[in-house]
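Notes to accompany the following structure.
Only the coordinates and a few stated rules stand behind these numbers; no lab work does. Computed from a predicted structure; not experimentally measured. Reconstructed Cβ throughout: ideal geometry from the backbone, glycine too, with neighbour counts over all protein chains shown.
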Amino acid sequence: MTPIEHLLRREIAETGPLTVARFMELCLAHPEHGYYRVRDPLGAAGDFITAPEISQMFGEMIGIWIASVWDQMGRPAFRLVELGPGRGTLMADVLRVLAQLGAAGAAEPWLIETSPALRAEQARRVKGAKWAESLAGVPEGPFILIANEFLDALPVRQFLKSAGGWRERLVGLREGRLAFGLSEPLPGDDAAPVSSWHETSPAADAVLDMIARRLERLPSAALIIDYGYRQADRPEGPTLQAVRAHERVDPLEHSGEADLTWLIDFDALGRKLTGATFRLEEQGPFLARLGIGQRAAALIKARPDAAKSVADALERLTAPEAMGQLFKVAAALSPGIGPPPGFGEE
Ligand code: SAH
């Protein structure tokens with residue numbers, strides 16, 4: 001039994017079944033044993049690979065986007081904030097491009113990271129970075145914020161509509177094993193069809209609220225990339241999933257030793273970022289408009305021996321059946337800035 005499962009069982013014994021959000025919080029963020037606190041989960045030897053770890057081209061396109069928006073902002077000194085920077089690869093690739101485009105001197109990199117293990121990785125790759133535990137720790141001023149696969153790691157609550165009303169999905173014990181169950185019906189019913197699921201993350205909402213408030217006051221921008229859906233394409237069931245060593249596993253096994261994520265509802269995310277210009281695009285077309293195809297061709301020309309790996313990376317990042325469609329890119333800009341590059345006609 002993992003140390004986290006011990007903690008989960010103890011808490012269930014003391015207080016009863018846990019919400020999925022509390023379950024995720026213990027698994028991922030427990031100060032001593034939490035998944036993100038004790039390890040670097042990224043890369044071939046880890047549990048999963050993210051877009052910046054697939055190829056430098058991803059970060060380069062984000063760098064081009066940032067330079068262009070910075071230009072629209074009137075080229076101020078700004079804080080370049082990344083939420084959940086992992087190994088620091090994306091920020092390092094972005095800063096290299098900003099240096100080539102004459103924007104690096106204006107950017108002060110801020111990394112929002114709770115994991116000591118990953119902060120050490122980030123310090124190796126990002127020179128001159130500052131760290132904060134949350135966005136609240138970043139001083140006010142113009143900013144450009146990026147977040148790749150960050151929101152999906154924050155705790156989510158899950159609700160199922162039953163005949164008697166909404167019930168919350170809970171984690172308890174059944175026959176001595178961790179098991180999902182449901183709460184009693186919650187007060188307040190609505191017209192949602194029976195069997196539909198609803199998910200909400202108070203932690204993600206708090207981050208989005210803070211971004212929205214700062215966007216209202218300052219010439220700033222945010223680019224949020226994650227896997228998720230538009231309301232019209234919502235998957236049917238609950239979206240919590242666990243990944244370990246690049247395989248899907250049962251979320252209730254390997255507690256604290258598997259990555260837990262859920263799918264972002266990008267329409268709900270857009271509603272949170274009110275007061276700002278909001279645009280949404282799939283990752284494939286977004287990267288294509290920023291020139292990832294041309295960049296791949298240039299890399300192949302410079303290093304023909306790397307042609308296969310560059311072509312493979314391009315395919316993984318942009319093909320609809322790979323990451324190109326499931327991953328979405330959301331941009332929010334303060335009033336007066338835009339239109340942002342990379343997004344199609346409104
Ligand atoms: N953006 C990176 C890593 C994604 S993994 C990439 O694309 O490769 C999720 C990241 O969010 C990790 O760096 C993890 O430590 C961080 N993280 C998770 N929960 C967090 C929290 N509550 N506050 C700050 N960082 C958090």
For the chain, return all DSSP H helices satisfying: extent of Cα atoms along own axis at least 27 Å; mean Kyte-Doolittle hydropathy at least -1.0.
none
If segment 194-246 were replaced by its equivalent ellipsoid, with semi-axes equal to the square roots of 5 times the Cα gyration tensor eigenvalues, what would those be, largest first, whole Å?
28, 16, 12
Computed magnitude of the charge dipole of segment 38-144 (debye, nearest 20; Cβ of K, R +1, Cβ of D, E -1)
280 debye
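Please sort by residue number the GluC sites (Glu not before Pro) in segment 156-252 whose DSSP state is loop and whose Cβ has at most 12 other Cβ atoms within 10 Å.
E175, E236
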Among A44, H33, G63 the positive-end extreme of the charge dipole of segment 1-64 (Cβ point charges)
H33
Relative to the Cα centre, what is the charge dipole magnitude of the chain, using +1 at the beta carbon of each Lys and Arg, -1 at the beta carbon of each Asp and Glu, and rounding to the nearest 20 debye?
860 debye
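Could you please tell me the mean projected area of the C-alpha convex hull for segment 142-266, averaged over all directions and given in square nanometres to one decimal?
The number I arrive at for segment 142-266 is 10.1 nm².
Note the per residue figure in Å³ for the convex hull of the C-alpha positions in segment 4-43.
Values: hull volume 2.6 nm³, N = 40.
Considering the Cα atoms of segment 4-43, their hull volume per residue is 66 Å³.
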Reduced Cα scattering model of segment 99-157, Debye log10 I(q)/I(0), q = 0.16, 0.18, 0.26 Å⁻¹:
-0.62, -0.78, -1.32
Treating only Lys and Arg (+1) and Asp and Glu (-1) as charged, each at its beta carbon, one finds that segment 1-81 has a dipole about its Cα centre, in Debye to the nearest 20, of 180 debye
Can you give me the pair-distance distribution of segment 66-112, C-alpha pairs, 10 Å bins, whole percents?
27, 57, 15, 0
Computed [θ] at 222 nm, helices only, for the chain once each DSSP H run of length n ≥ 4 contributes -39500 (n - 2.57):
-10500 deg cm²/dmol
Least to most buried among S68, S255 (fewest other Cβ within 10 Å first):
S68, S255
Once amide H atoms are placed 1.01 Å from N in the peptide plane, what residues at a sequence separation of 5 or more from G165, or on another chain, have their amide H within under 5 Å of its amide H?
none
The answer for I49, listing residues at least 5 apart or on another chain whose modeled amide H is closer than 5 Å to its amide H, is G43
The chain: equivalent-ellipsoid semi-axes (sqrt of 5 x gyration tensor eigenvalues, Cα, Å)
35, 23, 20
Given 5 Å bins starting at zero, what is the percent of C-alpha pairs of segment 281-346 in each, up to the one with the largest pair distance?
4, 17, 22, 20, 16, 11, 7, 3, 1, 0
Under 28 Å between C-alpha atoms, the lysine pairs in the chain lying 8 or more places apart or on different chains count 6
Stick to Cα atoms and the Kirkwood definition of Rh, then tell me Rg/Rh for segment 1-100.
1.17
Report ³J(HN,Hα) in whole Hz for each residue of segment 145-157, in order, from the Karplus equation J = 6.51 cos²θ - 1.76 cosθ + 1.60 where θ = phi - 60°; Gly and Pro get x.
10, 10, 8, 10, 6, 9, 4, 5, 8, 8, x, 10, 9
Distribution of pairwise C-alpha distances over segment 58-147, 5 Å bins, in %
3, 15, 29, 26, 18, 7, 1, 0
Hey, how many Å between the Cα centroid of segment 239-276 and the Cα centroid of segment 140-163?
9 Å
Taking H placed 1.01 Å from N in the peptide plane, check which residues at least 5 places from L218 or on another chain put their amide H under 5 Å from its amide H.
none
Placing +1 on each Lys and Arg Cβ and -1 on each Asp and Glu Cβ in segment 122-207, then taking the dipole about the Cα centre, the residue among A203, A129, L160 whose Cα reaches farthest towards the positive end is A129
3J(HN,Hα) from dihedral phi, segment 224-239, Karplus parametrisation 6.51/-1.76/1.60, rounded to Hz, x for glycine, proline:
10, 10, 6, 8, x, 9, 7, 3, 5, 10, 4, x, 6, x, x, 9
Rank P304, P238, A212 by how far each Cα sits towards the positive end of the charge dipole of the chain (+1 on Lys, Arg Cβ; -1 on Asp, Glu Cβ) and give me just the farthest.
P304
Backbone HN-Hα couplings from phi across segment 103-114 [Karplus 6.51/-1.76/1.60, Hz, Gly and Pro as x]:
10, 5, x, 7, 9, 10, x, 10, 10, 9, 8, 9
Under 18 Å from a point 7 Å along the Cα-to-Cβ line of Q241: which residues of segment 306-332 have their amide N that close?
316-329
Just round it to a whole percent: the fraction of Cα-Cα distances in segment 198-346 exceeding 21 Å.
56 percent
Honestly segment 91-206 on the Cα gyration tensor test (a ≥ b ≥ c root eigenvalues; a/c under 1.5 rounded, otherwise a/b vs b/c for prolate or oblate) is just prolate
